[in-house]
Amino acid sequence: MQSIQAAMKPASAKKKYDAIIIGSGASGGMAAKELTERGFEVLVLEAGPMIDPLRDFNMNKFAYESMYRGLWRPGQKQTEQWMQDTAGEFSSHFYVKDTENPYTTDPGKPFTWVRARIVGGKTLHWGRLSWRFSDLDFKAASQDGFDVDWPIDYKEIAPYYDKAEEWIGVSGNRDGLWWQPDGNYLPPMALTCGDQILKSATEKLGWKLIQPRVAMLTQVKDHHRKHGRAQCHYCGSCGNGCSVGAMFNSLSSTLPAAAVTGKMTLRPNSIVRHITVDQNTGKAKGVAVVDRVTRQEIEFIGKVVIVAGSTLESTRLLLNSTSDAHPKGLGNSSGVLGRYLVDHFGGTGASGYLPMLAGRDPVNEDGKSSGIFVPRFRNLDARTKHPKYLRGYGFEGGASIGSFPGNARRTPGFGKEFKKTVRRWYVAPVSLTTRANMLSRFENYVEIDPDGVVDAWGIPVLKIHIQHSENEREMGRDAAESATEILKKAGAVEIRTQNVMTAPGRIIHELGTARMGNDPKTSVLNKYNQSHDVKNVFVTDGAAFVGAANQNPTLTILALTIRACEYLTEEMKRGNI
Amino acid sequence: MFTKSKAVSRLKLHTINVNPSGAEMIGQIESGKSIWQFNFLPTRARLADWRLVLTGAVTITPPIGQPKTINGVTARLLSTQGSTALPPEPPVGIDRTLIPPAEVSVNGLPLTEYTGNDGSIGVMFLKLSALTGNVAGVPYDLSAVQLNARLWANSNLERELLWLYSALLMATQGPQSDGKWAEGLLAEINKRLAK
Ligand SMILES: Cc1cc2nc3c(=O)[nH]c(=O)nc-3n(C[C@H](O)[C@H](O)[C@H](O)COP(=O)(O)OP(=O)(O)OC[C@H]3O[C@@H](n4cnc5c(N)ncnc54)[C@H](O)[C@@H]3O)c2cc1C
Ligand code: SF4
């Protein structure tokens, strides 16, 4: 933290930085580390405030410490942060206020856009699941003919996955599944007793159940220790902010590494309005910023601009950066900028109780906070081909006791009998929920709101157009049925099949809209995240994704960021930028 | 929230967030430690180019001194944000022909939550007609304010209006827009605004 404080020196509007990085979340933080370590002088511009870990990280807070018992002041969530689905009373300060940061949608087609505007971005409260993609994902189009392949394959990106995992620290097992490639892991956490029951049921059906791979330090290595990161003590409150640095976030990991080089200037409260362009060359000149607190308008200049504001904020920024040279938005000669928006979907699945665990003594099982993962088992090969849909899904979930007896809400009755029933079943819940691949479709897109809606700073907002197709619905139905089958096999009782899909955005894996590709006519970025049109602009976050796969995306974002920074350095050396 | 306006020396206020209180929409304007109460009471609804336009009175109450009311202010719907909460029930006694059918699953395929007729409006973004001159001492340029009207309903009237505004949006800009349906809904809205 001290090193980061030192990096918050005044930024100079006169200086030409080697690189300006927009955003300090997963991608921006990694870009800052990678570029400063390669000798770049970087300016990191972050729209949100700096945080004070002692004040703002609430992993040690308990519901009883709050007047509202962790449930917020009545009406507060619904009038300030209604779209910030995962924000709680102890973590709301990590999330944007919807009152200041609007966006619009089509009638009857909602989109839940969960955002962080704070130094560290969404890494301060993310779920930490860290999976690699495989060629089943990168080369999906070659297998099923839908859409196009990524311009990269697994072999090309594997070394960068290695680097990302090594740096952030991922705990897990090497499970030997070709479509869910292994990395180098810190020791795994153990499955709970209920998870083991679920595992044996899943395996009886011919599918796999594995320990999730999570960016939490089950062991501390020297480079973690160097920046003050400590081992996880399994308090299970990661979503409220980890004050010991055991979970990966930019604030405790990549930003300190950038800061100690002495080459990073970090400027919080700096909302980038648009990227400025040199009218003679058509290249990016720098950025126009409004200070969130003082409202001062400032311009900064840089040789390169790295756009890492998170998928949709980055695309909004590019679309808002119009000029004579780029009338449809920066780097949008293809007209593809904003297109192919995807999110994973969830919602479908099943839940119930494991009777063999009912009535046991409560134990602390939610400390590890990672549950289980059932990797994809459909459309892996000819044998597993599903007749009704393309691609596939996995399941998150598990069987562990939480601190709040959620079953009380569904238990009828009152008084002594009610309490007895709640206590008996509270220790035996089991659930599986889908994490599924949504197909990338041209017709799911974002644009600058055509009716002129603006945010609190007068910056034009996005209009988001997205809906599920038949492919997702067929997959959703199959997932609900498979989850129910697993639970039945596990001997669960009171099984409830969930057959409604989450609204797009709700899984917080929004991806695409500035896709990479080899053809500048059909893609926005090349395979190194570099704009085809504007060579000194790189978009390193999830906007670059061609498809969603069904795995959580952040590890891939980190790997692509490292690769883009390496390429950028080489191109600079070669004098191509 | 505001930024420096180039045309005038005062800062330009871009947005005011309002919540419903009955048919009224209420919010605040802040400057330093001072707060002005902002109220917009629509009394009439109509359509212009298939967009909802509300006409009514804006009242601004300064921290010290008398409130100022401006009549005949219009608020024209720019766009909306879909809600991710269940919509309220249709108003009791409303003509059944105004109520669209709930979404039904086809061939047992799952539906998407809060989508189609199972959805509702979360926020209406409305452009206020220009408020000029000295408006109760508000130190900002109010010539182009966007009202962010969050329709979080807590009373019967608020629930009814949320349902009616949501249905009107589907009737005017949804996949099956329908002039007759829209007219019927407007009449129901006007009944409630006139109360
Ligand atoms: C509750 C939750 C659980 C999640 N769980 C997982 C998980 O288990 N696994 C997984 O892989 N992913 C998970 N995610 C998603 C993960 O957090 C994101 O994929 C990741 O943080 C994306 O990194 P990013 O750098 O693109 O964006 P962010 O981390 O969001 O950072 C972007 C930063 O850019 C800043 N910014 C935006 N616009 C501007 C601008 N105009 N000017 C200046 N700064 C700007 C923002 O303020 C923000 O700080 C989860 C997210 C949430 C909220
Ligand atoms: S469980 Fe581990 S990673 Fe999560 S907040 Fe606690 S110490 Fe940090």
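Does anything in the stretch A:352-373 have its amide N under 17 Å from the 7 Å Cα→Cβ label point of A:GLU494, and if so which residues? From the stretch A:352-373, the list is A:352-362.
What is the projected area of the convex hull of the Cα atoms of the stretch A:224-310, averaged over all directions, in nm²?
Numbers: hull surface 31.2 nm².
For the stretch A:224-310, averaging the hull's shadow over all directions gives 7.8 nm².
Provide the net charge surrounding B:LEU131, with neighbours chosen by a C-beta distance below 10 Å and charges set as Lys +1, Arg +1, Asp -1, Glu -1. Don't skip to the end; give the middle numbers.
Details: positive: B:LYS68; negative: B:ASP141.
Every neighbour counted, the sum reads 0.
If the limit is 27 Å between Cα atoms, which of A:LYS204/A:LYS388; A:LYS61/A:LYS208; A:LYS385/A:LYS489; A:LYS16/B:LYS12 go over it? Among A:LYS204/A:LYS388; A:LYS61/A:LYS208; A:LYS385/A:LYS489; A:LYS16/B:LYS12, the Cα-Cα distance tops 27 Å for A:LYS61/A:LYS208; A:LYS16/B:LYS12. Computed over the Cα atoms of the stretch A:50-103, the ratio of the radius of gyration to the Kirkwood radius (Rg/Rh) comes to 0.98.
Among rounded, prolate and oblate, which fits chain B when a ≥ b ≥ c are the square roots of the eigenvalues of its C-alpha gyration tensor, a/c under 1.5 means rounded, and a/b larger than b/c means prolate? Provide the component values of the computation, followed by the final result.
On the way: a/c = 2.24, a/b = 1.97, b/c = 1.14.
Because a/c hits 1.5 or more and a/b exceeds b/c, chain B counts as prolate.
Estimated from helices alone, the mean residue ellipticity of chain B at 222 nm is -5500 deg cm²/dmol (sum of -39500 (n - 2.57) over DSSP H runs with n ≥ 4, per residue).
Computed from point charges on the beta carbon alone (+1 for Lys and Arg, -1 for Asp and Glu), the dipole magnitude for the protein assembly as shown about its Cα centre is near 1160 Debye.
Fewest Cβ neighbours within 10 Å first, please rank A:ASP366, A:ASP343 accordingly.
Values: A:ASP366 19, A:ASP343 26.
In order of increasing Cβ crowding within 10 Å: A:ASP366, A:ASP343.
As an equivalent ellipsoid, the stretch A:70-200 spans semi-axes of 34, 23, 17 angstrom, where each value is the square root of five times an eigenvalue of the C-alpha gyration tensor, largest first.
Note on chain A: dipole from Cβ charges, positive end direction compared against A:GLY491, A:TYR445, A:ASN471; the farthest Cα belongs to A:GLY491. Net charge in the neighbourhood of A:SER400 (other residues with Cβ under 10 Å of its Cβ; Lys, Arg +1, Asp, Glu -1) is -2.
For the stretch A:346-434, taking Cα atoms only, Rg and Dmax work out to 16.9, 56 Å respectively.
The ranking of A:LYS283, A:LYS16 by Cβ neighbour count inside 10 Å, starting from the fewest, reads A:LYS16, A:LYS283.
Taking a quarter of the surface of the Cα convex hull of the stretch A:266-416 gives a mean projected area of 18.5 nm².
Helix B:179-193 versus the longest principal axis of chain B: what angle, 0 to 90°, nearest 10, using Cα atoms? On a 0 to 90 degree scale, this one is about 50.
When peptides A:250-258, B:177-185, A:529-537, A:25-33 are ranked by their average number of other Cβ atoms within 10 Å per residue, the highest-first order is A:25-33, A:250-258, A:529-537, B:177-185.
Which one of A:CYS238, A:ALA201, A:LEU255 has its Cα pushed farthest toward the positive end of the charge dipole of the stretch A:194-269, where Lys and Arg give +1 and Asp and Glu give -1 at the Cβ? Of the options given, the answer is A:LEU255. The mean number of Cβ atoms from other chains found within 10 Å of a Cβ in peptide A:78-86 is 3, as a whole number.
Ordered from longest to shortest, the equivalent ellipsoid semi-axes for the stretch B:105-192 are 33, 16, 14 Å, each the square root of 5 times a Cα gyration tensor eigenvalue. Residues whose amide H lies under 5 Å from that of A:VAL170, counting only those 5 or more places away or on a different chain, are A:LEU186; hydrogens are built 1.01 Å from N in the peptide plane. Extension gain for A:THR421-A:SER200 works out to 76.8 nm (0.36 nm per residue, less the C-alpha to C-alpha distance). Where only DSSP H runs of four or more residues are counted, chain A gives -7000 deg cm²/dmol as its mean residue ellipticity at 222 nm, each run worth -39500 (n - 2.57). Measuring between their Cα centroids, the stretch A:307-334 and the stretch A:462-500 lie 36 Å from each other.
Computed over the alpha carbons of the stretch B:22-115, Rg followed by Dmax gives 19.3, 64 Å.
Of A:LYS226/A:LYS573; A:LYS527/A:LYS573; A:LYS328/A:LYS463; A:LYS97/A:LYS463, which sit over 23 Å apart, Cα to Cα? Present the calculation step by step, with values, prior to reporting the outcome.
Details: A:LYS226/A:LYS573 30 Å; A:LYS527/A:LYS573 19 Å; A:LYS328/A:LYS463 15 Å; A:LYS97/A:LYS463 18 Å.
Pairs exceeding the cut-off: A:LYS226/A:LYS573.
Within 10 Å of each Cβ in peptide A:448-457, how many partner chain Cβ atoms are there on average? Round it to a whole number, please. Spell out each step's value before the answer.
Values: counts 0, 3, 2, 8, 6, 11, 9, 5, 10, 5.
Shielding by partners across A:448-457 averages 6.
Let me know the mean shielding of A:471-481 by other chains, meaning the per-residue number of their Cβ atoms within 10 Å of its Cβ.
Details: counts 0, 3, 8, 3, 2, 4, 5, 0, 1, 2, 1.
For peptide A:471-481, the averaged partner shielding equals 3.
Value of Rg to Rh for the protein assembly as shown, rounded to two decimals, is 0.96; Kirkwood radius and Rg both from alpha-carbon coordinates.
Highest mean first, the peptides A:427-439, A:185-197 sorted by other C-beta atoms within 10 Å per residue fall in the order A:427-439, A:185-197.
Quick one: A:CYS565, A:CYS238, fewest Cβ neighbours within 10 Å first, how do they rank?
Numbers: A:CYS565 28, A:CYS238 23.
With the sparsest Cβ surroundings first, the list reads A:CYS238, A:CYS565.
In chain B, the longest principal axis of the Cα atoms and the axis of helix B:156-173 are about 80 degrees apart.
Since every read-out is calculated from the coordinates, none of them should be taken as a lab result. Everything quoted here is computed from the prediction, not taken from an experiment. Glycine also receives a Cβ, built like all others from the backbone with ideal geometry; neighbour counts cover every protein chain displayed.
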